[in-house]
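Enquirer: Could you have a look at this structure, given as C-alpha cells, before my questions?
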Amino acid sequence: MDKNHYDRPLITRIEAGMPGKFGLRSELPPTTHIDGQPVAELIKTYGSPLFVFSEQTIRSIYRKALKAFTTRYPKVQFAWSYKTNYLSSICNIFHQEGAWAEVVSGFEYEKALENGVDPRKIIFNGPGKTHEELVKATENGSLIHIDHLDELYTLIEVAESTERKPRVAIRINMDTGIYPMWDRFGFNYENGQAWDALNKIMYSGKLELMGLHTHIGTFIMTANAYAVAATKMVELARALKQKFNFQVKYIDMGGGFASRNTLKGSYLPGSDTNPSFDEYAEAISSALINSHFTPDDLPLLILETGRALIDEAGYILTSVIANKRLSAGRRATIVDAGVNLLFTSFWYQHQVTVAQGVSQYREDTTLYGPLCMNIDCIRESINLPVLNPGDHLVIHHTGAYNVTQWMQFITFRPNVILIDGTGETHLIREKEGRESVSGKELLPGHLKNIRE
C-alpha cells in the first residue's frame, strides 16, 4: 500500500486587484486526459517527454476558420503552411479537409508532392528558390510567388527553356500600421516596387500572372491591419485592370493570425485578447467585397494561416526531474522537456497544467528544462503546486513551429503521437537515438585510435 504524501496545513490568502509583474495568477485544473487518453498511460507507453497532437482539435479548428470566411466571402481557399508543422500526418489532415499546400523550400515542395498534393495546388513561397526548383515548379504548373527582381528575371529565363509558362504572383510588403513593418520579403507597395514588378511581368509576356500575395507579419493582434492590406491589394488589382485590362484570379492574404497562446509580457491570456477568426474574416472580406470587383470578377481569396490552426491541437507531456531552491529563495522545478523542443517558449507564456492530483499548497516557481544552458527556461514564473520527481506536467498550445524548429541538442528528440477522432493513438514520428545523431559522421583514420 502506497503511503500518501503529507500536506502541511496552510491558510491561503485571497488576493484581488491589479495583475502583478508576471500577469494574473490562475489556478488551472489538472489535465489528466487528452481526448480521452490518460496522460500517465501515454507517458508510460511512449516515454517522456512526448509530443501529442489531437486530430479532432485540428479538424474542428480548421472547419471553424473555414466557416468564418465562407460565410462572409464566396470564394475561399486555405493553403496549409508547411513550415508551421510539416509532419506528414499533420499535413494530410489539412489536405483531407481541402487545404492546398504552401511551401517555402525545395524540401517542403518535395514533401508536399510525396504527400500526394496536386502540383497545381502547391504555392511556392520564399526568397531562396533555386533555378532547378523554379524549373520543376514551372513544369509542374505550381504557383510561384516571386520575392525579388532576381527571381523574376530568372523565371523569365526559365520560361524560355520550358514548354509551360510559369504561373506566378508577386509578394507585396506594405505599411499596415504594424511595427516593425515586414519589408524583407517581396516588393514594397508604397515606394512603387510592387507596381514596377507587375509592369515587368505584364510587358515580358513570358509569365502567366495569377494573383497578388502579401504576408504582413506574424501573430498580428489587430484585425484592422488585414483590412488595410486587403485595400492596398485591391488598388493594385484595380491598376492592372485599368492599364492592361487584366483581372487577377486570386488575392493571397498570407498568414500571421494570432493563436490562443499568450505572448510574454501580456497581463491577460491570449484566449481573451487575441482576435478571433470571425474578426479577421470580417476585416478581409469587407475590404474585398466593398471594392470595385463585380460579382463575376471577384478573385479567389487564399489564406495561408498556420499557427492559429494548429497551436491549440499540440501538447508536450513532460516529467519532473527535480526541485531546488535558487539563491534568492525562489523554488525551481526541472522537467525533461527543454527549449530545444519548445522553441516558442522564448516568446510565449505557455499554459502549463499538472497531470495528476496534487497538494493544495502552491508556490511561485521557475520552470526549467534539462539542458545545461542558462537559457533553458520554460516559464520564468508560474504558480504551481508542490511537485515530486516523476510527476507529470502538460504544456499546452505547442502545435506550431516546435516540431519544425526543434533541435537535437544535448538530448534526443522524442516520440510524436497523434490521437485520432476515435481516441486511438498513432506513433507518427519515432524518437531519435544515438544512430540518428552520429550515424552520418565520418571519422578520419588518424583519429580512430585515441591511445598511444
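Enquirer: Failed condition for ASP376, given (1) more than 24 Å from the chain's Cα centre (by Cα); (2) of a type in the set (D, E, K, R); (3) over 23 Å from THR32 (Cα atoms), with all others met?
Expert: The single condition ASP376 does not satisfy is (1).
Enquirer: Going through GLU282, GLU304 one at a time, which residue ends up being in the same structural domain as CYS91 (by TED's automatic domain parsing), under 29 Å from PHE94 (Cα atoms), buried (at least 22 other Cβ atoms within 10 Å of the Cβ) and charged (D, E, K, R)?
Expert: On the way: GLU282 fails: buried (at least 22 other Cβ atoms within 10 Å of the Cβ).
Answer to the selection: GLU304.
Enquirer: Looking at GLY177, GLY192, GLY205, GLY128, can you tell me which residue is assigned by TED's automatic domain parsing to the domain that holds THR273 and either touching a strand residue (DSSP E or B) at 6+ places or on another chain (Cβ under 6 Å) or closer than 22 Å to ILE302 by Cβ (or both)? Break it down into steps so the answer makes sense when it comes.
Expert: Working: GLY177 fails: either touching a strand residue (DSSP E or B) at 6+ places or on another chain (Cβ under 6 Å) or closer than 22 Å to ILE302 by Cβ (or both); GLY192 fails: either touching a strand residue (DSSP E or B) at 6+ places or on another chain (Cβ under 6 Å) or closer than 22 Å to ILE302 by Cβ (or both); GLY205 fails: either touching a strand residue (DSSP E or B) at 6+ places or on another chain (Cβ under 6 Å) or closer than 22 Å to ILE302 by Cβ (or both).
Step by step, each of GLY177, GLY192, GLY205, GLY128 is checked, and only GLY128 is assigned by TED's automatic domain parsing to the domain that holds THR273 and either touching a strand residue (DSSP E or B) at 6+ places or on another chain (Cβ under 6 Å) or closer than 22 Å to ILE302 by Cβ (or both).
Enquirer: Given the options GLU151, GLU163, name the one that is of a type in the set (Asp, Glu), exposed (fewer than 14 other Cβ atoms within 10 Å of the Cβ), in the same structural domain as HIS215 (by TED's automatic domain parsing) and out of contact with any Gly (no Cβ under 6 Å at 6 or more places or on another chain).
Expert: On inspection, the qualifying residue turns out to be GLU163.
Enquirer: Go through region 331-355 and report how many residues are farther than 23 Å from THR404 by Cα and either aliphatic (A, V, I, L, M) or surrounded by fewer than 14 Cβ atoms within 10 Å (Cβ to Cβ) (or both).
Expert: Residues in region 331-355 being farther than 23 Å from THR404 by Cα and either aliphatic (A, V, I, L, M) or surrounded by fewer than 14 Cβ atoms within 10 Å (Cβ to Cβ) (or both): 4 in total.
Enquirer: If we keep just the residues of region 89-105 that are without any contact (Cβ under 8 Å) to a residue 40 or more places away in the chain and of a type in the set (S, T, N, Q), which is nearest to GLU312 (Cα to Cα)?
Expert: Taking the candidates together, the pick is ASN92.
Enquirer: Could I ask something else about it? Test LEU298 against the stated conditions and say whether it is modelled with pLDDT of 95 or more, assigned to a loop (DSSP other than H, G, I, E, B) and surrounded by fewer than 18 Cβ atoms within 10 Å (Cβ to Cβ).
Expert: Judged against the criteria, LEU298 is a match.
Enquirer: Looking only at region 352-406, which residues are under 14 Å from ILE321 (Cβ atoms), among the hydrophobic types (A, V, I, L, M, F, W, C) and in a loop (DSSP other than H, G, I, E, B)?
Expert: Passing the criteria: LEU371, CYS372, LEU387.
Enquirer: Go through (1) surrounded by fewer than 22 Cβ atoms within 10 Å (Cβ to Cβ); (2) touching a residue at least 12 places away in the same chain (Cβ under 8 Å); (3) under 15 Å from VAL228 (Cβ atoms); (4) under 23 Å from the mean Cα position of the chain (by Cα) one by one and return the number of the condition PHE185 breaks.
Expert: Against the list (1) surrounded by fewer than 22 Cβ atoms within 10 Å (Cβ to Cβ); (2) touching a residue at least 12 places away in the same chain (Cβ under 8 Å); (3) under 15 Å from VAL228 (Cβ atoms); (4) under 23 Å from the mean Cα position of the chain (by Cα), PHE185 comes up short only on (3).
Enquirer: So which of GLU157, GLU139 is in a helix (DSSP H, G or I) and more than 24 Å from TRP100 (Cα to Cα)?
Expert: So the residue among GLU157, GLU139 that is in a helix (DSSP H, G or I) and more than 24 Å from TRP100 (Cα to Cα) is GLU157.
Enquirer: Can you tell me which of GLU97, GLU102 is surrounded by fewer than 21 Cβ atoms within 10 Å (Cβ to Cβ), modelled with pLDDT of 95 or more, on the phi < 0 side of the Ramachandran plot and assigned by TED's automatic domain parsing to the domain that holds ASP278? Before the answer, list the steps.
Expert: Details: GLU102 fails: surrounded by fewer than 21 Cβ atoms within 10 Å (Cβ to Cβ).
Of the residues listed, the single one that is surrounded by fewer than 21 Cβ atoms within 10 Å (Cβ to Cβ), modelled with pLDDT of 95 or more, on the phi < 0 side of the Ramachandran plot and assigned by TED's automatic domain parsing to the domain that holds ASP278 is GLU97.
Listed here are the residues, each with its yes/no results for (1) touching an Asp or Glu at 6+ places or on another chain (Cβ under 6 Å); (2) assigned to a helix (DSSP H, G or I); (3) at pLDDT below 95.
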position: SER48; (1), (2), (3): yes, no, no
position: VAL52; (1), (2), (3): no, no, no
position: ILE58; (1), (2), (3): no, yes, no
position: TYR62; (1), (2), (3): yes, yes, no
position: ALA65; (1), (2), (3): no, yes, no
position: ALA68; (1), (2), (3): yes, yes, no
position: ARG72; (1), (2), (3): no, no, no
position: ALA79; (1), (2), (3): yes, no, no
position: THR84; (1), (2), (3): no, no, no
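Enquirer: Select, from ASN415, ASN449, the only residue that is modelled with pLDDT of 95 or more and either polar (S, T, N, Q) or not assigned by TED's automatic domain parsing to the domain that holds ALA328 (or both).
Expert: Within the list ASN415, ASN449, the selection yields ASN415.
Enquirer: OK, next. Can you list residue pairs whose Cβ atoms sit under 8 Å apart, with the first residue in region 63-75 being on the phi < 0 side of the Ramachandran plot and the second being of a type outside the set (Lys, Arg) and in a loop (DSSP other than H, G, I, E, B)? Count only pairs 6 or more apart in sequence or on different chains.
Expert: From region 63-75, the pairs are ARG63/GLU97; ALA65/THR305; LEU66/GLU97; LEU66/GLY98; ALA68/SER276; PRO74/LEU298; LYS75/LEU298; LYS75/PRO299.
Enquirer: Which condition number does SER359 fail, the rest of (1) surrounded by 14 or more Cβ atoms within 10 Å (Cβ to Cβ); (2) modelled with pLDDT of 95 or more; (3) farther than 24 Å from PRO269 by Cα being met?
Expert: Of (1) surrounded by 14 or more Cβ atoms within 10 Å (Cβ to Cβ); (2) modelled with pLDDT of 95 or more; (3) farther than 24 Å from PRO269 by Cα, only one is false for SER359: (2).
Enquirer: Could you pull out the residue among ALA68, ALA99, ALA79 that is small (Gly, Ala, Ser) and over 17 Å from the mean Cα position of the chain (by Cα)? Steps first, answer last, please.
Expert: Values: ALA99 fails: over 17 Å from the mean Cα position of the chain (by Cα); ALA79 fails: over 17 Å from the mean Cα position of the chain (by Cα).
Among ALA68, ALA99, ALA79, only ALA68 is small (Gly, Ala, Ser) and over 17 Å from the mean Cα position of the chain (by Cα).
Enquirer: Moving on. Condition (residue is assigned to a loop (DSSP other than H, G, I, E, B) and charged (D, E, K, R)) applied to region 276-290: is it met by at least one residue?
Expert: In the first step, residues of region 276-290 are kept if they are assigned to a loop (DSSP other than H, G, I, E, B); the result is 276, 290.
Narrowing further to those that are charged (D, E, K, R): none.
Checked against the condition, which is being assigned to a loop (DSSP other than H, G, I, E, B) and charged (D, E, K, R), region 276-290 yields no hits at all.
Enquirer: State whether one or more residues within region 12-23 are at pLDDT below 60, among the hydrophobic types (A, V, I, L, M, F, W, C), outside the structural domain of HIS397 (by TED's automatic domain parsing) and in contact with a Phe, Trp or Tyr (Cβ under 7 Å, 6 or more places away or on another chain).
Expert: no
The values are calculated or read from the model by the stated rules, or taken from the named source; none is laboratory data. Since the structure is predicted, the reported quantities are computational estimates derived from the model, not experimental observations. Backbone-built Cβ (ideal geometry, glycine too); neighbour counts: all protein chains shown.
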